[in-house]
Every structure is written in structure tokens, then in C-alpha cells.
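Note sheet for the following structure.
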Amino acid sequence: MKKTLILTILLLATSLFTAEKKIVRGVDRFKLVYELQLPKLERKGTLWIPLARTDAYQNLQSLIIDSPVPWRKTRDAEHHNELLILNPGPDDGGKRITIRYQVERTEKNPHTEVGDPKQYLKADKLVPLSPRFIPFASKATKNLSDDFARGKALYQHVLGRMRYDKSGKGWGRGDALYACDARTGNCTDFHAYFIALCRAINIPARFAIGFTIPADRDTGVISGYHCWAEFHADAKWVPVDISEADKHPELSDYYFGHHPANRLEVSRGRDISTKPAPRSGPFNYFIGPHLEVAGKKVPLKATFEFKRLMPR
């Protein structure tokens, strides 16, 4: 009995230590540098770059845009995401554009927010209001009437049905029908499926994308984006992160109802329309820079580096 108790305590302590290596509770402060180098261009193009913004949970203490190419700010009409528009030309090849953020981010819990949540019942191109989702959502939430409980049941359904796996083709687009059938994918696919299920039973749900700031080190490179979701219940927006819960089962309870402090939201929503608009149409989601010349997309990558301002 005593050995069993000691083992249980050790396992709990190990689990808590492991969890703390992956998330930051409370408040996190960091700098993030978003940098890209322009390729050689034969003619003038248009470049779109997303900009993070201040909200109730992230305070941009400073934002410095260092660009040899003139730029202007704008917002998309529906989600009010901020972005830069630039028009680089043949003389700009090889030039670097750098965006420097200093951010104070607070852990996110269920919260109230001004605005009509019903706008997040509408379909997106890859998150349709398809009858395919209704049986899954109805079965998972059978005998539940409270939207908070129904949202939790859908969270558990997605967590049980899907597996984080980036092999094969089709993943990474946030295609809810693909995720429903393949039962694998990355964070975009997990949360597209969850959002589709919520909307199928009239629960508003929305998508956001940005970066996770590594919790286990205080400086370095961020390899890529991360995304998450929220659903509306009891007059509050409830944060969820199902793909992280799948990768880290010891945090599955935490990721229902929380987003940790160590992240930066860059944009919100899907099918993001801008003026001017890319020839390819609205952005499926908006995290990376997008460059077009003569209506054709030109490959362009950005790098992301961070430094924590309150070392752990």
C-alpha cells in the first residue's frame, strides 16, 4: 500500500513537471522576430504579411517594422485582422523585411467578448455546413442540452477519433471533411473538424492561428505555426487545443478551457478577404507571407525567432 502511494505521488510529480515544460501558466513575456528575404523579381509584385495585434490577452508592448520597401497597413473587413501590403519590384531582390514584436501574453480562460457570436455559425470553404457532421455531433452529445457540456463532449470525440499525423496527402489545409474521413492531420485539421461539429449543432466556434513560444527554453527558432479554436457557451468563449491534447495526453484536461500564456495569436478566422485581394482568392488561413507577381504565387518563406523576457 505504501509503495503504491509513493509510486502514485512520483508519477503525479513527473506528470506535473512534464506539463510545466510544455506550457506557461499566468503571464509570459517575450520578443519575436518575423523575418523574410525577398527573392529576385522580374517585375513588381504584391506582398501580404499578417500582423499580430493587441487584445484582452496579448499586449503588443512594441511593434517595429523594418522594411526597405514602402508598406501600408490595412484590415480585413470580417475578422479585422491587421496586415501589411507591400509592392516589391526588381530592385528589391535580396532585401530583408523584419517585424519585431515585444509581447506580454496572459493565459486564456473562458471569457466574455463584445460581438455577436452567431457570425461564427457560418460556413467556411473548407469547413462547410455539411449534413455529414450532424450524426457525429448528435451521437457525441446525446442527452446533453447545455452547450458547455456539448462542447466538451465534442472535444472528447475529436480527441478520441483523430490522431496527430502529417503523413500522406491532404493534411494541413484545415479541411473538415478530410479530417472526418482520414481521422489524422495537424492542428488545422483537428480544429476544422471540431468547429464543423460545433456548428452542425448550432454552437458558434472559431479558428485562430499564430505561434507557440517554446516553454522549455528561453531563446531560439520557432519551427512553424500553430492553431487552436474556441466555442461559445454560457455567454463565454471557451478555448480548446485538441491537437496539443492529442500530442500530450497528460494535458488533455488543461487544453479544454485554456490556452497557455506562451503563444502569440497572429490572425483569426478562415477565408480572409483583403483589399487588394490575391488572384488566388481569400486566404484559407493567414500566417505566412504571400507574394504574387503577375497573379502567380511566388515561393517565399519567413523565419521566426524568439527570446523570453522573463526566463523560467
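Can you classify the stretch 23-144 as rounded, prolate or oblate using the Cα gyration tensor, where a ≥ b ≥ c are the square roots of its eigenvalues, rounded means a/c under 1.5, and otherwise it's prolate if a/b beats b/c and oblate if not? The shape class here is oblate.
So which of Lys40/Lys166; Lys108/Lys152; Lys40/Lys275; Lys247/Lys275 end up more than 27 Å apart, counting from Cα to Cα?
Values: Lys40/Lys166 32 Å; Lys108/Lys152 17 Å; Lys40/Lys275 25 Å; Lys247/Lys275 38 Å.
Over 27 Å apart, Cα to Cα: Lys40/Lys166; Lys247/Lys275.
More than 28 angstrom separation, counting every C-alpha pair in the stretch 157-312; what % is that? Tail fraction, whole percent: 24.
The ellipsoid that matches the Cα gyration tensor of the stretch 254-312 has semi-axes, each √(5λ) in whole angstrom, of 31, 17, 8, with the longest given first. Structural size metrics of the chain, computed from C-alpha coordinates, are Rg and Dmax of 20.5, 76 Å.
A Gaussian network model of the chain, with springs between Cα atoms under 10 Å, assigns the largest mean-square fluctuation among Gly151, Gly45, Gly269 to Gly45.
Accessible area of the stretch 121-270 with a 1.4 Å probe: how many percent of it is carbon plus sulfur? Please report the intermediate quantities before stating the final value.
Numbers: 2900 of 5680 Å².
The C+S portion of the solvent-accessible surface of the stretch 121-270 is 51 percent.
For the stretch 14-86, evaluate the Debye formula with one uniform point scatterer on each Cα (no solvent term) and list log10 I(q)/I(0) at q = 0.12, 0.17, 0.21, 0.28 Å⁻¹, rounded to two decimals. Taken in order of the listed q values, log10 I(q)/I(0) reads -0.54, -0.85, -1.07, -1.42.
In sequence order, the stretch 177-186 has phi-based couplings of 5, 4, 4, 4, 7, 6, 6, 9, x, 10 Hz under the Karplus curve 6.51 cos²θ - 1.76 cosθ + 1.60, θ = phi - 60°, and Gly or Pro positions carry x. In order along the stretch 256-269, phi translates into HN-Hα couplings of 9, x, 9, 10, x, 6, 8, 7, 10, 7, 9, 8, 10, x Hz, rounded to whole numbers, per the Karplus curve 6.51 cos²θ - 1.76 cosθ + 1.60 with θ = phi - 60° and x for Gly and Pro. In the elastic network of the chain, a GNM with C-alpha springs shorter than 10 Å, the most mobile of Asp165, Asp55, Asp175 is Asp55. Ellipticity at 222 nm from helices only: DSSP H runs of n ≥ 4 in the chain, each -39500 (n - 2.57), divided by the residue count, give -7000 deg cm²/dmol.
Only Cα pairs within less than 10 Å get springs; with that Gaussian network setup on the chain, which residue of Ala179, Ala77, Ala140 has the largest fluctuation? Comparing Ala179, Ala77, Ala140 in the GNM, the peak value goes to Ala77.
Put simply, the C-alpha atoms of the stretch 94-180 give a gyration tensor, and the ellipsoid matching it has half-axes of 30, 22, 15 Å, longest first.
The values are calculated or read from the model by the stated rules, or taken from the named source; none is laboratory data. Since the model is a prediction, treat every value here as computed from it, not as a measurement. With ligands, DNA and RNA removed, areas are computed over all heavy atoms of the protein, side chains included. Shrake-Rupley method; radii C 1.70, N 1.55, O 1.52, S 1.80 Å.
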